[in-house]
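Every number in this text was worked out from the coordinates using simple rules, so none of it is lab data. Since the structure is predicted, the reported quantities are computational estimates derived from the model, not experimental observations. Cβ placement follows ideal geometry from the backbone for every residue including glycine, while neighbour counts extend to all protein chains displayed.
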Amino acid sequence: MHRRVIFLFAFLLFCKTALAAELNYPIITQHHTAWSAKDGVPGRITGLAQTPDGWLWMASSRGLFRFDGVSFEKYQDIKQPLASSSVLTVGTLPSGALWAGYRFGGFSVLQDGKLSHFGAKDGLPPSTVRTVVHDLDGGVWVGTASGLYHRAPGAPAWRLAQIDGVSAKARVGAILLDDAGTLWVRTVDATVARARGESAFRRAADGGSYGQIVKAPDGSIWMSDLDKAGLQMLHAPTGRPVFQPPALPAISYLAFDQQGNAWAAPSKEFGVLRVGRAQAPDRVTWLDEPQGLSGTVNAMLVDREGNTWIGTGKGLDRFRANRLESIDVPDYLADARPIAAGPNGSLRVDRYVLERPGQGREAATLIGPPPTAKNIVTNVYSDPDGSFWIGSLTELFHVVDGRSQTIDLPPTEKKEAAISGMAKDATGALWIIRSRLQRYRNGVWQSGGGHRQLEDFKAIAIFCDSRGRMWFGSTTNEIALLDGEQLRILQESDGPRLGSIKQFTEYRGEIWIGGEDGVAVYDGKRFATISARAGDAFSGASGLVFDAKGTLWINGLYGISGITAAELAAARRDSAYKVRFSRYDFLDGLRGTPAQYAQTPTALMGTDGRMWFSTSFGIYNLAPEAMARNPLRPTVLVRRLRSGEMVFDATGTPALPPGSTSAQIDYTALSLTMPERMQFKYRLEGVDEAWQEAGTRRTAYYTGLAPGHYRFRVIASNNDGLWNESGASLDFSIQPSFVQTIWFKSLCAAAFLLALYLFYRWRLALATRRAREHYHVRLLERERIARALHDTLLQGVQILTTRFQLAMAPLPSGLPERRMMEKALDAADQVIAEARDQVSDLRLGPETGDRLQSALRQLAGWRAEQQVECVVGVTGAPRDVPAQVCDEMAAIAREAFNNALQHAQAGRVDITLAYRDDGLRLGVKDDGRGMAPAILQAGGRSGHWGLPGMRERAAALKAELEIRSAPDAGTEIALIVPAHLAYRAADRAARWGWLRRR
């Protein structure tokens, strides 16, 4: 049994190989990419479609999948599941809706996120749905394995359509609606058509096996048949050249690309054919599994960007046009072909001259003996005189007017040594690099050109500039500059940090150097390295060429890179600047890598202005202006929002729960041509001040997010840098936890203010308690002093006055001595009265409202006998003032009054007392002669203690004392006692006054 299975498998493999060999077509040269199960392909793909937004949809037995060019995603919606997981076909309607036909009957329509199902309840049979078409009049046609069904506009259900000459339930394989509204239907019995407005179908072709009906870009209609060879045209275009297909085998699947080339899958062979619209020797090309196709073809589609997609039994394939195509040149036996520019746009390649490069191998002319492994050409040099030189491992040829002359090579340590560089100097001598530097002049070779330092110089690159100077690059990052007979060795200390030197070129008087580690320019004084935004993007730069616009093109290990003149200028101005650049690599059809040793330089400008680049695979012409550009701006989508273990769809406004601080946002853009080149920028408003350049990354990460509302925006560019500036956005919010709400913050603020208020009250109570304790001590001291005054001084004075009265009694009343004693006794009585008042003041504990006013008025009345006018004024509502404050203020007023009388010789003194919310103010102003500035600055006269005493009393009260005076301008003394000290009942007023002052 096992042997039979093995034999059958071997037989089928043999048949496949034999049938494929019969095709005998060249390989398709378009860029090909294949995806398989390891990339996420859903197994066998049986249908392909693209919706207007750019998604590529796939039908498979595992369900409905979509692809953005990078990742595969299965359609699954718990709220709106598919009617079946076995999806056979898929397509789009004119509205942009997607329809999916099921293998076991019925179909579904997905539009604007809403899924609708149609099946037996709507009049459809329980058999495979192969196609759904919406005609121009609003009718819907469904092709099934049990016939053609139609639902007229407004009708509740589908009805089986009757076609003359076709079985009622004949299998329908394809339906096509053309631009004129004609409906084309392919059945197993016949292919029929019905023009718009007609009720009956006409027979267009005889029936056969399964096949397709497709429309070409020129409007022609074509049909394929599994049992008939070639393609059959059903409708020709009007006024246009007709596509004439070559002889082809029977075709099962068919599609036309935007250029009118046909893509076909042979029904009895394997693989896919590309049939060029124009006649050419390689008009038909082919690709099968051994050459990289993922499997047997089951579906075809040409997308909106012109890419051809093939759905197979094992995967998905994409074909797209290459921007770079290698020219057809003879085979080369080494890594990369040496090239040089010839006259009239010709090329010198290896031992050949290509007069019309790119126009076929027959245009190549062989120079000298055919190439072999022993005479491999390693360098070609175009002489300024029009001739050229060919250097191989063993020979050197000078070709003049098509005839070659062999030049004997200088001896080396090795029998075979590659010539890695050639150039002529200003004297016409030829320099070559073959193990070491050699100069050839008048038939004589000279090692190092006669310079001892150059004999051991490890040269790898050589160049002669427009001034006749010779440049030699070494493998050890050294550059030798020979100017006439003056030799200078430039080492790393002079600036170049390029590793091994690969090529020199000159542009506008400056020398540009390509090396192992990048590119640098020498302006005659210093080297400046050109740095890229992609790190080592210019590594292995063995080819440098400038185009007419001043763009520098670099042939390096990672592809061909272009730096515009503006970017180069920016790099010259700022050594830290990292240039932007364009890149052509394997994605554009470039294959192989440029030579890194003997076959340099690997880039040149042809005499006709075309740029040529050599790699290990071939020679490429680069013409950026002639390349087709992708004009389609990509559709940008935000796919989902993640936070921790939670995943939110990018619909509506997701609300993250309290405590969320991170967000991961997945986004994409739909451009299927070259998604590897797409660039993204994103910005989270309120977090990012500027756009963040994400490169090709399709996820944004944020941490440390605070509660609030956010808007995420993303924009993208296609492979040619065309940006969709509108992009896509996602609004989301993070709900605050209780401790993050405004209520919690308000409570915290209120608690803080309450704590501050309580602290203030505590400090105020503490200060009040201390003041009361101090006041109580002072009261006790005052009572002690009052007792002492009463018990000693007053009693003693009264005893003295009594004795004086007794002594005076016997004296006659008119005696002068008696009158003198009477006056003395009157003065003593006055002193006793004043002393009693002082004792009374000392024993006065409670505050009094008019005590201070009374003291000031008594002061004014007592001094009236001095013939001085004294006026006392009171403003504000009188308040209770502590006794000690009254005493100190009265003492200060008394001292100020005495100074006005005794020293200032004043004629008028004004005393003012003002009760204010911020404190108690006492003012004493006279019109005397004032004080000298020196006295004010010194704080008083020497030996006089009036002013110092006033200041001491003010300091004891913690009050402000101001003394303003000038010669002959009087003196003004102002005392301000703070409210909380001046008023015993002013606590609240003092607090609100403090707030008002703030």
So what are the ³J(HN,Hα) numbers for the range 395-408, from phi and the Karplus equation (6.51, -1.76, 1.60; θ = phi - 60°), rounded to whole Hz, Gly and Pro as x? 9, 9, 10, 10, 9, 10, 6, x, 9, 9, 10, 7, 10, 5
Rounded to the nearest 0.05, what FRET efficiency do Gln884 and Phe744 have when you use their Cβ-Cβ distance and R0 = 51 Å? 0.55
Cα pair distances of the range 254-300 binned at 5 Å [whole percent]: 6, 21, 29, 24, 15, 5
Calculated diffusion of the range 23-320, Stokes-Einstein form, Kirkwood radius summed over Cα pairs, 20 °C and 1.002 mPa s, µm²/s: 109
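What FRET efficiency comes out for the pair Phe104/Gln259, r = Cβ-Cβ distance, R0 = 41 Å, nearest 0.05? Don't skip to the end; give the middle numbers.
Working: r = 39 Å, r/R0 = 0.95.
So, using R0 = 41 Å, E works out to roughly 0.60.
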Arg640 paired with Thr703, simple spin-label distance in nm, labels 7 Å along Cα-to-beta-carbon: 2.2
Report, in debye and to the nearest 20, how large the dipole of the range 23-320 comes out about its Cα centre when Lys and Arg carry +1 and Asp and Glu carry -1 on their Cβ. 500
Pull up the cross-link candidates among the lysines for Lys415, meaning alpha carbon to alpha carbon under 28 Å and not fewer than 8 places away within one chain. Lys374, Lys424, Lys458, Lys502
For Gln50, residues with placed amide H under 5 Å, excluding near neighbours: Trp57
Please report how far the C-alpha centroid of the range 592-662 lies from that of the range 525-563, rounded to the nearest whole angstrom. 18
Rounded Å value of the spacing that divides the Cα centres of the range 230-264 and the range 315-373: 33
P(r) over all Cα-Cα pairs of the range 635-735, 5 Å bins from 0 to the longest distance, whole percent per bin, short to long, reads 3, 14, 26, 24, 16, 10, 6, 2, 0
Principal axis box of the range 339-626, alpha-carbon based, largest edge first, Å: 49, 48, 30
For Gln679, residues with placed amide H under 5 Å, excluding near neighbours: Ser717
Taking 8 Å as the Cα distance limit and 6 or more residues as the minimum spacing, I'd like the relative contact order of the chain as a percentage. 5
Length added when fully stretched, Thr372-Ala570, from 0.36 nm per residue minus Cα-Cα: 66.5 nm
Normalised per residue, the volume inside the convex hull of the alpha-carbon atoms of the range 100-190 in Å³ amounts to 101
Relative to the compact globular guide of 2.2 N^0.38 Å, what is the alpha carbon radius of gyration of the chain, as a ratio? 1.78
Treating the range 486-643 as a set of equal point scatterers at the Cα positions, no solvent, please give the Debye-formula log₁₀ I(q)/I(0) at q = 0.11 Å⁻¹. -0.47
Fraction of the pair-distance distribution of the range 355-468 above 20 Å, Cα-Cα pairs, percent: 43
Measure off 7 Å from each Cα along the Cα-to-Cβ vector at Leu333 and Thr768, then give the distance between these two points in nanometres to one decimal. 11.4
Taking every other residue with Cβ under 13 Å from the Cβ of Thr191 and scoring Lys and Arg +1, Asp and Glu -1, one gets +3
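Run through the DSSP bridge list for the chain and note the antiparallel percent, rounded to the nearest 5.
Bridges in the chain are about 95 percent antiparallel.
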Fewest-first ranking of Arg320, Arg697, Arg929, using other Cβ atoms within 10 Å as the exposure measure: Arg697, Arg929, Arg320
Could you derive backbone 3J(HN,Hα) for the range 543-548 from the dihedral phi with the Karplus parameters 6.51, -1.76 and 1.60 (θ = phi - 60°), listing whole Hz in sequence and x where the residue is Gly or Pro? x, 10, 8, 9, 8, 5
Charge tally for neighbours of Met808 with beta carbon under 14 Å away, counting Lys, Arg as +1 and Asp, Glu as -1, is 0
So how much slack lies between Leu481 and Glu625, counting 0.36 nm per residue of separation and subtracting their Cα-Cα distance, in nm? 48.2 nm
For the range 566-572, in residue order, the Karplus 3J(HN,Hα) values (coefficients 6.51, -1.76, 1.60; θ = phi - 60°; whole Hz; Gly and Pro = x) are 5, 5, 4, 5, 5, 5, 6
Can you list the residues, at least 5 places off or on another chain, whose amide H is less than 5 Å from the amide H of Thr593, using H built in the peptide plane? Ser616, Phe617
9 Å beta-carbon shell around Leu481, net charge (K/R +1, D/E -1): +1
Give me the dipole magnitude in Debye, nearest 20, for the chain about the Cα centre, with unit charges on the beta carbon: positive for Lys and Arg, negative for Asp and Glu. 2140
Additional length obtainable on full extension of the chain from Thr394 to Ser726, 0.36 nm per residue less Cα span: 113.2 nm
Sequence neighbours fewer than 8 away in the same chain don't count; with that in mind, list the lysines whose C-alpha is under 25 Å from Lys268. Lys16, Lys215, Lys228, Lys314
Rg in Å to one decimal, and Dmax rounded to a whole Å, for the range 451-577 via C-alpha atoms: 14.0, 42
If I model a spin label at Phe804 and Leu780 as a point 7 Å from the Cα along the Cα→Cβ vector, what separation in nanometres do I get? 3.8
One finds, for Arg159 and Arg580 with R0 = 41 angstrom and r their Cβ-Cβ distance, a FRET efficiency to the nearest 0.05 of 0.10
